[in-house]
Amino acid sequence: MDFDFTDEQRLLRDSVAKLFANRYGDFEKRNGYAKQPDGFDRAIWTEYAEVGLLALPFDEKHGGFGGGPVETMIVMEEIGKNLALEPYLPSVVFAGAILRHGASDAVKDEIIPKIAAGEAIIAVAHTERQSRYDLNDVTTTARRDGDGYVIEGDKTVVIGGNSADYLIVSARMSGARRDRDGIALFLVDAKAEGVSRRGYAMQDGLHGAEVSLANVRVPASRRVGNLPVLERAADEAIAAVCAEAVGVMEALIAMTVDYMKTRKQFGVAISVFQALQHRAVDMYVAAEQARSMAIFAALSAASDDAKERGEAMAMAKSAIGKAARFVGQQAIQLHGGIGMTMEYKAGHLFKRLTMIDLQFGDADHHLRRLAA
Amino acid sequence: MELSFSSEELAFRDEVRAFIRDNLPRDVQQRMIEGREIGKQDIVDWQRKLNAKGWAVPHWPRAWGGQNWSPVHEYILIDELQSAPAPQPLPFNVSMVGPVIATFGSDEQKKTFLPGTANLDIWWCQGFSEPGAGSDLAGLKTTARREGDFYVINGQKTWTTLAQYADWIFVLARTNPQAAKKQEGISFILVDMKTPGITVRPIQLIDGGHEVNEVWFDEVKVPAENLVGEENKGWDYAKFLLGNERTSIARVGVSKQRLRRVRELAAKERAGDARLLDAPWFREKLAGIEIDLKALEITQLRVLAEARKSGKHGAPDPKSSILKIKGSEIQQATTELLMDVVGPLAMPYQRSTDAEDDGNATPIGPDDAAYAAPTYFNWRKISIYGGSNEIQRNIIAKAILGF
């Protein structure tokens, strides 16, 4: 039993915190980054590479640092506190996990160094109009054609897809729409013929894309996994996004408590009202429970037992989703009008928390997974 | 005890439904169903149709367009408008400043303002909240200094809804800074928005929309005859105004309409192999909100029945605070459920109504998806404004439980 970080992990946390303090310390700068063509600042992405964050989860033999879910948790928590816009979760954590678990050594040798150097961004194109949160619900097709495959279909809400150099696309080789068998993952060059993308901002300021694949040819060597690989990567992404949520909640609660101590009504700081103190306490309790689940998720994410791992992620994501809604809503209420404005950070923290619940399955979805 | 409406009340409800069906433009209704904004002119046109029918200000005195209806008739009209959905008559006009002028204003003010207020020829906005005076409204700092035949106003108002459309603003300003109690030195003054010295600055809300503003007053000279009632009695008029909304505050019709929308969308969404609407866990969630809403509807009718017995111009019933608390909680629950139905497709930012807006031009996925998250974000405000739910709890604690 040990909940302490190692010295190395503390160093990692401090260097990430320092990077974000420089870049995001002044919240207004975030607006400027979001308005850049990719929806984030490429110079900051280069700093991620320089600090080693983009190599963090990969094997040393592919130029990585061999970090595990706890290291990812540390990075994601800081991303959450700062509402960082860079596509770390989709590219390094989610797509990175697919490559680690599903790609051939040849593909890893080719792609991972590019990710680590900040030269390649990868997005996972799995959601479809009808699929909601079910990774096995796939209508996009892949058919064998000579020495490769031809992919056909539409993907929606591909997070990070606007700026991606490669897409990892889930496609059905055989079977019916929701069959667990017959699904394969393909690494597709985002500029390949037949790929069209429409990028956009999302509610929380991150960016995504609609992706259409029309007769897109992919070499057989670019097949990088199947449904179990996608599910395993999604589990790692869930652990990461849980840590991000904890960072968002921590920042939001600190802002709320600080606001309550300075906002005066009826001649006193509103923090003297016990009804409001208790509300803030409930937020804190929810966030600490959420933190426990984020740690549980991180410590379960590397398990090879798919069932045990999946259950842990379902528990964690359901708890995090519920806490995220509660903390977000109460923070806005305790702030009053100022919390509703675009120029103030609290509202943006609230929006990111809301969207985290809709990413990789909401609280209800995971509750039902567990209850099933 | 009798829960149902009388046959006369039912006939009136049918008349309202028919009127809405025959007169409300389809595109306005559709925009409201989807949670999109409706334009100023749409709101004006519709209020004028209601006013021509005698339905814009039925609760006003007869001389100024009132109908001397029972509170139940007023409720039926509002409930039908909300659940259609159709725009409601502009609350700043018909529920706020109109009744104040009709009750406390001079004959000259009544003649000058009431017909145009009912017909929305004059668009009013509310100059109450200030940066330092929210829940503690009586702590307001804006001043009105008497100089000959004028008041000179200085200060800043905030959260001023649709000030960008407004022709006039009703302002609470301090006329006696030396008053013993802070509530005692406040006056209620009508100000033409075109008066030199007024600056309106937009505030963008987290859903990306522009509905509220800051309104700044810098040496704004207002004719003294624009004072409503007596100098330094403005707080009484403000309290009268704020307690005047008991027929619409719960917005039961709005929630009914949104739950219909939830059902429609959930019938189109799939949960695995079945319709989302058929999933037992989803039906339980929906039923939970419907139970709360039914209880609220009956609580609302009980408050109205009480008002009918005691005479409608009595002091506001502190039970109205139940309507505000539960009404806002239920409305927020419905927007949350709608977003959950839309699911991951709620994530793209798709506003496109605002000129300065950087939203996407054509919708991602179905039209339904675009406004689900912004509506959820925006509606967090309803437990904050109009006396926050914390203030409503204070009212119940003091006025009903006697703490």
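The values are calculated or read from the model by the stated rules, or taken from the named source; none is laboratory data. From a predicted model like this one, the values you see are computed outputs, not experimental measurements. Here the Cβ is made from the backbone with ideal geometry for all residues, glycine too, and neighbour counts use every protein chain on show. Surface accessibility is based on the protein's heavy atoms, side chains included, excluding ligands, DNA and RNA. Shrake-Rupley method; radii C 1.70, N 1.55, O 1.52, S 1.80 Å.
Only DSSP H runs of four or more residues enter the estimate; each adds -39500 (n - 2.57), and after division by the residues of chain A the mean residue ellipticity at 222 nm equals -16500 deg cm²/dmol. Relative contact order of region A:286-372, taken over Cα pairs closer than 8 Å and 6 or more residues apart, is 33 percent. For the set A:F3, A:F296, the ranking by accessible area, highest first and with no ligand, DNA or RNA atoms included, is A:F3, A:F296 under a 1.4 Å probe. Rolling a 1.4 Å probe across the protein heavy atoms gives region B:49-185 an accessible surface of 36 Å² per residue. Summary value for chain A: 16 percent relative contact order, contacts being C-alpha pairs under 8 angstrom separated by 6+ residues.
Find out how many positive minus negative residues lie around B:A399, taking Lys and Arg as positive, Asp and Glu as negative, among other residues whose Cβ is under 13 Å from that of B:A399. Taking every other residue near B:A399 into account, the sum is +3. Remark: region B:124-136, residue by residue, has Karplus-estimated 3J(HN,Hα) of 9, 10, 9, x, 10, 4, 10, x, x, 9, x, 4, 8 Hz, where x stands for each Gly or Pro and the curve is 6.51 cos²θ - 1.76 cosθ + 1.60 at θ = phi - 60°.
Note on B:203-212: average number of Cβ atoms from other chains within 10 Å of each residue's Cβ is 4.
Mean per-residue shielding of peptide B:129-137 is 3, counting Cβ atoms of other chains within 10 Å of each Cβ.
Between the Cα long axis of helix B:7-23 and the first principal axis of chain B there is an angle of about 90°, rounded to the nearest 10.
Past 29 Å, Cα to Cα, is the threshold; run A:K35/A:K81; A:K35/A:K155; A:K18/A:K261; A:K81/A:K317; A:K345/B:K256; B:K53/B:K233 against it and keep the listed order. Going by Cα-Cα distance, A:K345/B:K256; B:K53/B:K233 fall outside the 29 Å limit. In terms of its C-alpha gyration tensor, region A:123-225 comes out oblate, because a/c is 1.5 or above while a/b does not outweigh b/c. Sorted on the mean count of surrounding Cβ atoms within 10 Å across their residues, most packed first, peptides B:131-140, B:37-46 read B:131-140, B:37-46. Between A:A302 and any residue 5 or more places off or on another chain, the built amide H atoms are never under 5 Å apart. Shown in residue order for region A:320-328 are the 3J(HN,Hα) couplings computed by the Karplus curve 6.51 cos²θ - 1.76 cosθ + 1.60 at θ = phi - 60°: 5, x, 5, 5, 4, 5, 5, 5, x Hz (x for Gly and Pro). The overall shape of region B:254-308, judged from the alpha-carbon gyration tensor, is prolate: a/c is not under 1.5, and a/b is greater than b/c. Put simply, the amide H of A:Y149, placed in the peptide plane, has neighbours under 5 Å in A:V218, A:A220, leaving out anything fewer than 5 places away on its chain. The contact between chain A and chain B removes approximately 4200 Å² from the accessible area (both sides summed; 1.4 Å probe; ligands, DNA and RNA excluded).
Counting only heavy atoms of the protein chains and using a 1.4 Å probe, A:D147 has close to 120 Å² of accessible surface. With θ taken as phi - 60° and the Karplus curve 6.51 cos²θ - 1.76 cosθ + 1.60 applied, the whole-hertz 3J(HN,Hα) list for region B:212-219 is 10, 8, 9, 10, 9, 10, 10, 6 Hz, x standing for glycine and proline.
Among A:47-60, A:86-99, sorting by the average number of other beta carbon atoms lying within 10 angstrom of each residue, highest first, gives A:86-99, A:47-60.
Pop out the carbon and sulfur fraction of the accessible area of the protein assembly as shown as a percent, whole number, probe 1.4 Å. The C+S portion of the solvent-accessible surface of the protein assembly as shown is 52 percent.
Net charge of the neighbourhood of A:A171, taken over other residues with C-beta under 12 Å away and scored Lys/Arg +1, Asp/Glu -1, is +3.
Between region B:96-140 and region B:226-267, the alpha-carbon centres lie 15 Å apart.
How would you classify region B:124-237 from its alpha-carbon gyration tensor, with a ≥ b ≥ c the square roots of the eigenvalues: rounded for a/c under 1.5, else prolate if a/b is greater than b/c, otherwise oblate? Since a/c reaches 1.5 but b/c is at least a/b, the shape of region B:124-237 is classed as oblate.
B:R26 sits among other residues whose Cβ lies under 13 Å from its own Cβ, and their net charge, with Lys and Arg +1 and Asp and Glu -1, is -2.
Counting, for every residue in A:196-204, the Cβ atoms of other protein chains within 10 Å of its Cβ and taking the mean gives 5. Helix-only arithmetic for chain B: the sum of -39500 (n - 2.57) across DSSP H runs with n ≥ 4, divided by the residue total, places the mean residue ellipticity at 222 nm at -13500 deg cm²/dmol.
Relative to the dominant Cα principal axis of chain A, helix A:69-82 is inclined by about 50°. Taking the C-alpha atoms only, the angle from helix B:71-83 to the longest principal axis of chain B is near 50 degrees. Computed packing ranks the peptides A:173-183, A:119-129, B:299-309 as A:119-129, B:299-309, A:173-183, most packed first, by mean other Cβ atoms within 10 Å.
Summarising the amide proton neighbourhood of A:A269: residues at separation of 5 or more, or on other chains, whose placed amide H is nearer than 5 Å comprise an empty set. Pairs exceeding 24 Å between alpha-carbon atoms, taken from B:K157/B:K194; A:K307/B:K285; B:K49/B:K111: A:K307/B:K285. With contacts taken as Cα pairs under 8 Å at a separation of at least 6 residues, region B:124-237 carries a relative contact order of 30 percent.
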